[in-house]
Amino acid sequence: MAGWVWLVAFAVFYVVVLLLWSVPLYVDALYVAGSALSCVLYGIDKRAAVAGRRRIPEATLHLVAVLGGWPGAVVAQTVFRHKTQKRSFRLRFWATVIVNVIAFVVVTTPLVFGR
């Protein structure tokens, strides 16, 4: 549930930034592609976990999240009911979200460097 709240809050913030300062097209592309990739990776990992097969490394999931795929990861975690219980994973995941949002603010707004 909390993930959805942060996802909606970020979406609202994204729209505000888009309206006030505009967002570079590559940022839009990173979030769309990263989110789609996250959903696919979480789905594959969930299937592998259920079948007892080799899993996708958590570091890979975190890398995709920090590069803009965290919104898709939030959706995938809910849809697949995957990676929601392991506390160490969740803490690292939310750390990647924080890093990504800070990078978003730096790249898209004058709030940090007054560009």
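Contact order, relative form, for the chain: 29 percent (alpha carbon pairs under 8 Å, 6 or more residues apart, mean separation divided by residue count). Using only Cα positions of the range 2-108, each an equal point scatterer, no hydration layer, compute I(q)/I(0) via Debye at q = 0.16 Å⁻¹ and quote the log10 values to two decimals. With one equal scatterer per Cα and no solvent, log10 I(q)/I(0) is -0.68.
Throughout, read-outs are computed from the coordinates displayed, never taken from laboratory work. Every value quoted in this text rests on a predicted model; they were computed, and no experiment measured them.
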